[in-house]
C-alpha cells in the first residue's frame, strides 16, 4: 500500500486518497460495490461515495473494510485510519456557505501542486482583482446581497494565497483574446485587471498565454476547464465548469484528452512575452478609455 504523503492537509484530497486506496483493495479482492455493501449492511451508494471521496469514512467503516479486504498489517490499517480522520477535518473554506461542488473544488485546489486552466471569456479566480471579482458576482444569476458578495470576495482572495505559499502553486493560464475585450465592470476595472495579469506574469510560478483572435478556430472555443495535478498521494482531476453544474473527470483517458487539448491550445497561443505585450497594450487602451469594444455596462 502506498505511503501516506502529500503537500497539503486538505480534507478533500485526503478523502480522495483514501477512496482510491479502498477502491484498489476492493478490486484486488474481486468484489463489486454491491457485494461490499451487502457485507457491511449498508447501501451501495455509501460504498461508492467513500471510494470517490464524496463522503468521509468512520473509524468503524475502516475497521470493517480492512477485515473484509484482509488487511492485517497494523501499519496499513493505521494509514487508512489516519486518512479517514484527516478527511473529516475542517478546511478554512468549509466555514463559508459555498455550493457543495465548489467546496469540493476549493478543497482540491488547496492541495494541488500545479494547475492548467483554459478560459474563453472570464479571468481565472486565482488571478482576479477584487473589483473584477465583485463585478462578476453583481451580474451573476443569483441575487446576492452586498454582504454575501463581500463574503465570496473574501473566499476568492484567500484562495489566491496559493500563489505565494511555499512552494507556490505552479499556474499555467491559456485564454482566448476575447476575454481581454469583454468589458467587466468598465474600463477602469479592466485596466486594473489586465495590469494585474502583467505583474503576475513576472512570477516564476505563473505562465500566461493568449490565443489571438486572428488565429481563428481552436479546439476549446465552447469550453472552460482546469487540470489539477497532485503528488503521488492522489489522482489528478479535470474540473469542467458550466452554468448548470460542475463535472470532475478522473479517468486516465479523460485526463489524457484534456492534457492533449491544453498542449494544443498552448502551442496555438502567443508565447508568454508576446502575450504580456498584447495584454499590456489592451490595458493601455482601457486606461485612456479607448476601449477595444463598446462598454455595455454604460448602456
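The values are calculated or read from the model by the stated rules, or taken from the named source; none is laboratory data. Remember, it's a predicted structure, so these values are computed and weren't measured experimentally. Please note: Cβ atoms are built from the backbone with ideal geometry, for glycine as well, and neighbour counts cover all protein chains shown.
Look at residue 147 and say whether it is over 20 Å from the mean Cα position of the chain (by Cα), assigned to a helix (DSSP H, G or I), in the same structural domain as residue 254 (by TED's automatic domain parsing) and closer than 17 Å to residue 122 by Cα. No: the conditions fail for residue 147. In the set (1) touching a strand residue (DSSP E or B) at 6+ places or on another chain (Cβ under 6 Å); (2) over 30 Å from residue 22 (Cβ atoms), residue 195 fails one condition alone, (1). Of all residue pairs spaced 6 or more apart or on separate chains, none has beta-carbon atoms under 6 Å together with a first member in the stretch 60-74 that is outside the structural domain of residue 31 (by TED's automatic domain parsing) and at pLDDT 90 or above and a second member that is surrounded by 18 or more Cβ atoms within 10 Å (Cβ to Cβ) and not in a loop (DSSP other than H, G, I, E, B). For the stretch 36-56, residues that are closer than 15 Å to residue 17 by Cα and at pLDDT 90 or above total 3.
For the stretch 189-235, what are the residues that are without any contact (Cβ under 8 Å) to a residue 60 or more places away in the chain and surrounded by fewer than 18 Cβ atoms within 10 Å (Cβ to Cβ)? Listed by number, the residues that qualify are 199, 202, 203, 204, 205, 213, 214, 215, 216, 217, 218, 219. Taking the stretch 75-103 as the search range and keeping residues that are touching a helix residue (DSSP H, G or I) at 6+ places or on another chain (Cβ under 6 Å) and modelled with pLDDT of 80 or more, which one is farthest from residue 152 (Cα to Cα)? The extreme case among them is 77. Does residue 228 satisfy the criteria of being on the phi < 0 side of the Ramachandran plot and assigned to a helix (DSSP H, G or I)? Criteria not met by residue 228.
The residue of the stretch 237-282 that is farthest from the chain's Cα centre (by Cα), among those that are crowded, with 18+ Cβ neighbours inside 10 Å and in a loop (DSSP other than H, G, I, E, B), is 270. From the list 159, 165, the lone residue that is under 18 Å from residue 110 (Cβ atoms) and in contact (Cβ under 8 Å) with a residue 40 or more places away in the chain is 159.
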